[in-house]
Structures are given as C-alpha cells and as structure tokens.
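Coordinate-derived values only; no laboratory data. All of these numbers come straight from a predicted model, not from anything done at the bench.
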Ligand code: ATP
Ligand code: MG
C-alpha cells in the first residue's frame, strides 16, 4: 500500500473507511471476548460508523486538530478502540494509558502532556476526582458509560461529558482530517523500566513502517485470526493491537478478561486463532502452569507465535516447541521506534536466543563509545541509522533528552547487543543493567536464560551490585517452581550449571528467593527496583509498577 496515494492520509480512515472501500465492510474487525468467554463482533463498517460518531461528538465539544486526548479505559471497552480511531479522524493526538494506573501516575501523564481531553469511565473518573482541579489544561472529561439520560453526581462537574447522550444525535458520517506525513498522531509513554516514563511523539508516516512489519514479520493475510495480548497502554497494544492489523484488514481478537492460562488456550482454540503475539512474561507464567492446559486443547489452527518486550529466553522457545508444537518468533522494538525493527520471522531460520535480523529498510549498528562500528561478535551499543519512517519525532517536553539520543546520525537505543558472523543480532541487556564484574561484562539476559534451564526455576532476574573486590558482583532473584525447595544442593547445581555454560565470572554470588518479581504494566521485570531494594536505596519512579 502506497499511503501517499491514499486520500485522506489519516490512520483512522485507513483502519476503517479504507477497508470498506476494499470490500471488507461486513468483515469482523474486532471480536470482543468477555471474561465469561461470551463474545460480540464489530465489523469494519460498524467500526467506521462508531468512530465517525465519536469524531463528530468530540468536534462538537470543541476538540481542535493536534489537541491531545488521553484514553484511560480498560482493554475490552469498545470506546477505547472507536474513540482512538475517532480522535485520529478528527485530527487529534491519541494517548493511550493503562487503565490500572493509579491516580498519581495518571496525574503525571496528564500534566506532562497537558492533555485537553480525557476519555474514561465512571469508576475510573471517581479515582481522579481529587486531581482534576489541579489540571488546568483539561477541558473535558468524556465518560463512556453514563446512561444517555443518567443524571448523577459526576455531572456536577461542568467538564464532564456524557458520551452516550451525545452519540444519540451524532452522524455516522465524518470526513477525516487530511494529514501530512509529518503530522503527529500518537503520544505514547514508555514503559518506565529504567526511570520516569518519557512521552514519545509519533507522526502519521509511522504507519509506512508499521505496514512493512506486517508484511515482512507478522505476515498477516486477510484470512488470519490474530490476537495481540498487549494492553494499548503499551506501544505494542497500540501498534499491534489497533493500527497495523486493522490497516491490513485483519480480524483481531480483544480479550476483556485478564491473564488466565486455561481461558487463554480456550480462546486460542475456540476462536481459531492463527497468529498470536504475546510477551515473555506471559509465556513464563504459562510455563509455570502448563499442567492446566497441556494436551487439553486443539491448537491446530494456530500457525505461529511472536513475542516482544523482553528478551525471549531460549528455554521458552524450546518449551513452546515441545509443549505447543509451535514456532515462536522474537521481535525487538521500543516505544521510540514505534514498530518492529529487528526480528525473527517465517522464512528466516531461527537461532534460539537471537532477536533475528533487521527489517529490510532498517540499518542497525553495533557501535563503540564513539558510535563507530564494532566487528562481529563484539558486544556494544545497539544503534540504528536515524530516519526510518516510524522513528519518534520527539520526547514530549524534553527536546534535550531527544537530542541526546542521536550521535552523528545514529539513534542510540540504550540496549547492548552483538551481531554474529551470520548477521543475527543478540540482545545482551539494557546499557544500565549490564554487569561489570572482575573486568568482564556480563549480560543479565544470558545468566537469566541459563537459570531458567534448571527445572526448579520459573523466573529469574539478575543484577549487578557493588563489590569491593570485583567492582560489581552478580546477584540473582529467583522464583521457584511450585513444590521446589531452596537448599544448598540447588545452589551448587546452579553454580555448576552457570560455570559450565557461561564461565565462573557469571556465577551469582548472592541468591534471593522471591514469590514474584516486581514488574511494570507491560509485564517487564523491574531490575532497578530489585537493585534499589537490595542496596537499601530509593527505587525512584515506580508509577508503572503493576
Ligand atoms: P523506559 O524506556 O521507560 O525505561 P522501556 O524501555 O521498557 O521503559 P519500552 O519502549 O516499552 O519501554 O521497551 C523497549 C525496551 O524493551 C527495549 O529497549 C529493550 O530493552 C526491551 N525489549 C523489547 N523487546 C525486546 C526483545 N525482543 N528482546 C530484548 N529486549 C527487548
Ligand atoms: Mg526504553
């Protein structure tokens, strides 16, 4: 699809009206699964009409192009999707945030973004009442679930808008705003794994790269039934749970229920999912409870799986092969890159533990301190040649931090990796997480992956802690399998395993047994929180902690 030939250039239109013109009006765009596994369908035509109505309502209440609307709604509320597309149609900038975010975390984002509109529901609005007065930029709060004639205390606030009431008279026709390739359309906050989340600005042109990733990596076609488990509060849920698949005319499953291993497999089986995109944390949780579903479901429609967000441990890839008889493909990207940059995919032989190879237009480099290229198999900074279509165009309110991400035309991902002799990229760790012990660099990922190979261990996180002799020592936090016991024998088994596999310098010197590891809402292990707790220091911004 050459988007410059499509008019209007508007992602909201490309996800809906454009699909109708392609003849997909009656096709199911979204199948919404309720926690009891009952479901309802929305066709592309209905998605178009409802997002048009929403666009008309927000225009009527005053939204101007380029104003920001924050969407604070749980997965599975249809207005999260129709609202998002309606905002884009009306020329606004949509900002999805996690609905399980507390009021302080939400306040930070609303204040930082100076959002003028907020789309939410009654119960969540009640959480916010005490902060609303401190947000002078906020003009309207649109509640999706007041009954159309409902009068209640929420309406005492003149800023509150009853969406259903206005939808009654809203037209199903709307002419989407024409954008330039460089018009901002999404503001997304990063996951906050390393500190305070940063607001990342993306422009319309990002969709060119999104579509390329659908073609080269996810390889979706119109017959696929596709399920991305990510919440749109995380970039994965916006790019791969809303825009990229719908621009490709694909039926998406949206699960309003949370994580539940049996329900998940029931959904995969009953909905005949063909392509399933999820994250390592969810997979590790599934591994932990495999007795509940192993061999009990027919997964014959499922063709392949994908993963993103954290490194995909080889042990998980092997488990998926052995237990589900499927291939899983790791994909690497960031909020700042908006869409997949390096990945495995059908047609490219998978090396378990490698992130795969770059997309056809993406030029990564493993660089030294001066951003100069390092030879094969040398660990260094993972850089990407600046200028790809979906590259962020700024950190909101922080031009200085944005400028610091670029060096001689190279974007610094802040991850460390190496490239092997065959051109495959291997993730080593985040720059801040890599451990410098006795003069060697140890990546937490390889130690964590090796730990997972032991039967007794289901999750592991590795950090470096100051040590007078070694400079930093390897410390590990371990979650044991149900029934497994921590004892001297297991510790010795770990020491032998890590020594054999990675060498003595990678052997953890300290072991902390946990019931669970702290994670953020995108499901990522918060190593900095573990480290701060271990060192008795302040953990910094923990607003994204799940
Ligand atoms: P913050 O930037 O606020 O600290 P974050 O980096 O976790 O949070 P995201 O943009 O959601 O926010 O995540 C991108 C990061 O996630 C990458 O830089 C990388 O560290 C990690 N990541 C994502 N996918 C993969 C992958 N396939 N393998 C290894 N790491 C990955
Ligand atoms: Mg980041």
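Per-residue ellipticity at 222 nm computed for the chain from its helices equals -7500 deg cm²/dmol, with DSSP H segments shorter than 4 residues left out and the rest contributing -39,500 (n - 2.57).
Most simply put, the chain has about 55% antiparallel DSSP beta bridges, counting only bridges with both residues inside it.
Which value results for Rg/Rh of the stretch 19-103 when Rg is the Cα radius of gyration and Rh the Kirkwood radius based on the inverse mean 1/r?
Numbers: Rg = 14.0 Å, Rh = 13.8 Å.
My calculation puts Rg/Rh at 1.01.
Average projected area of the Cα convex hull of the stretch 417-522, in nm²? Taking a quarter of the hull surface, the average projection is 8.1 nm².
What shape does the stretch 125-180 take by its C-alpha gyration tensor, where a ≥ b ≥ c are the square roots of the eigenvalues and a/c under 1.5 counts as rounded, a/b above b/c as prolate, and the rest as oblate? Present the calculation step by step, with values, prior to reporting the outcome.
Details: a/c = 3.22, a/b = 1.33, b/c = 2.42.
Judged from the Cα gyration tensor, the stretch 125-180 comes out oblate (a/c at least 1.5, b/c at or above a/b).
Look at where the Cα atoms of the stretch 485-506 and of the stretch 58-121 average out, and the two centres are 49 Å apart. Relative contact order of the chain: 12 percent, from C-alpha pairs under 8 Å at least 6 residues apart in sequence. Take every Cα pair under 8 Å whose residues are at least 6 apart in sequence, average their separation, divide by the length of the stretch 434-546, and the relative contact order is 23 percent. Principal-axis analysis of the Cα atoms of the chain puts helix 261-270 at an angle of about 60° to the longest axis.
Compared with the dominant Cα axis of the chain, that is its longest principal axis, helix 122-132 is turned about 80°.
Angle of helix 44-60 to the longest C-alpha principal axis of the chain, folded into 0 to 90 degrees and rounded to 10: 70°.
So if I average 1/r over every pair of distinct C-alpha atoms in the stretch 239-324 and take the inverse, what Kirkwood radius in Å does that give? Walk me through the numbers on the way to the answer.
Values: mean 1/r = 0.0726 Å⁻¹.
One decimal place: 13.8 Å for the Kirkwood radius.
A straight line joining the Cα centroids of the stretch 245-292 and the stretch 396-436 runs 30 Å.
For the stretch 1-53, what D do you get in µm² per second when you plug the Kirkwood radius from alpha-carbon pairs into Stokes-Einstein at 4 °C and 1.567 mPa s?
Details: Rh = 12.0 Å.
D = 108 µm²/s.
Starting from one equal scatterer on each C-alpha and no solvent at all, send me the Debye-based log10 I(q)/I(0) for the stretch 138-221 at q = 0.11, 0.16, 0.17, 0.26 Å⁻¹, two decimals. Debye intensities relative to I(0), on a log10 scale: -0.62, -0.99, -1.00, -1.12. Label the stretch 344-409 by shape, choosing from rounded, prolate and oblate, from the square roots a ≥ b ≥ c of the eigenvalues of the Cα gyration tensor; if a/c is under 1.5 it is rounded, and otherwise prolate applies when a/b is larger than b/c, oblate when it is not. Oblate shape, in that a/c is at least 1.5 and b/c is the bigger or equal ratio. With only Cα atoms counted, the stretch 291-373 has Rg and Dmax values of 15.6, 54 Å. Evaluated at q = 0.09, 0.21 Å⁻¹, the base-10 log of the normalised Debye intensity for the stretch 69-196, with identical point scatterers placed on the Cα atoms, takes the values -0.26, -1.38. Per residue, the convex hull spanned by the Cα atoms of the stretch 81-147 measures out at 95 cubic angstrom.
How big is the Cα convex hull of the chain in projection, averaged over all directions, in nm²?
Numbers: hull surface 101.0 nm².
Orientation-averaged projected area of the Cα hull: 25.2 nm².
If the Kirkwood radius is taken over C-alpha pairs of the stretch 382-426, then at 10 °C and 1.306 mPa s the Stokes-Einstein diffusion coefficient equals 133 µm²/s.
The alpha carbon gyration tensor of the stretch 460-509 gives principal lengths a ≥ b ≥ c with a/c of 1.5 or higher and a/b greater than b/c, which makes the shape prolate.
When the alpha carbon gyration tensor of the stretch 485-536 is reduced to an equivalent ellipsoid, the three semi-axes, largest first, read 24, 13, 12 Å. Rg and Dmax over the alpha-carbon atoms of the stretch 261-405 stand at 18.2, 54 Å.
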